[in-house]
Amino acid sequence: NPRIVSSSVQQAYIEGGEGCLSVAEEHKGYVVRSARITVKAYDLLQKKDITIRARGYEAIVLQHELDHFKGILFYDHINDANPYPKVPDAQVI
């Protein structure tokens, strides 16, 4: 299975919030994630280990999809008490 082997201290979020085809309801709020990640995985088609370095939107999408493997949905990351927090130095996408 793919796994995140490193992630940046800098955070990022999508300004309009995240959504998911697995979730019918709308969940408002920021999903704060790492702005840059490195993922290691095995590519079955190439039959070799691969490394993916991603940043910005691509990093958010990979983190979103990898959460599914752990049974985590995007709204699990939203802070109900403060769904739109100020995140200093975050990359807003």
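Against the empirical 2.2 N^0.38 Å scaling, what ratio does the C-alpha Rg of the stretch 17-93 come to?
Numbers: Rg = 14.3 Å, N = 77, 2.2 N^0.38 = 11.5 Å.
Taking the Cα Rg and dividing by 2.2 N^0.38 Å, one obtains 1.25.
Which residue, chosen from S6, H77, A35, occupies the Cα position most advanced towards the positive end of the dipole of the chain, where the dipole is computed from +1 (Lys, Arg) and -1 (Asp, Glu) charges on Cβ about the Cα centre?
After comparing all options, I get S6.
Quick check for me: using +1 on Lys/Arg Cβ and -1 on Asp/Glu Cβ, what's the dipole size of the chain about its Cα centre, in debye to the nearest 20?
Its charge dipole is roughly 520 debye.
In what sequence, highest mean first, do 21-27, 49-55 appear when ranked by Cβ atoms within 10 angstrom? Don't skip to the end; give the middle numbers.
Values: 21-27: 9.0, 49-55: 12.6.
Peptide ranking by packing, descending: 49-55, 21-27.
Can you give the angle from 0 to 90° between the axis of helix 57-69 and the longest principal axis of the chain, with both taken from C-alpha atoms, to the nearest 10?
80
Straight-line reach from K28: which lysines have Cα under 18 Å away, leaving out those fewer than 8 places along the same chain?
K86
List the relative contact order of the chain as a percent without decimals, with contacts defined as Cα pairs under 8 Å and 6+ residues apart.
So the answer I get is 37 percent.
What does the helix-only formula give at 222 nm for the chain: each DSSP H stretch with n ≥ 4 adding -39500 (n - 2.57), the total divided by the residues, and the result rounded to the nearest 500 deg cm²/dmol? Provide the component values of the computation, followed by the final result.
Details: 1 runs with 13 residues, N = 93.
About -4500 deg cm²/dmol.
Values quoted throughout were computed directly from the atomic coordinates according to the rules given, and no laboratory measurement underlies them. Small disclaimer: the values here were computed from a predicted structure and weren't measured. Note that each Cβ is placed from the backbone with ideal geometry, even for glycine, and that neighbours are counted across all protein chains shown.
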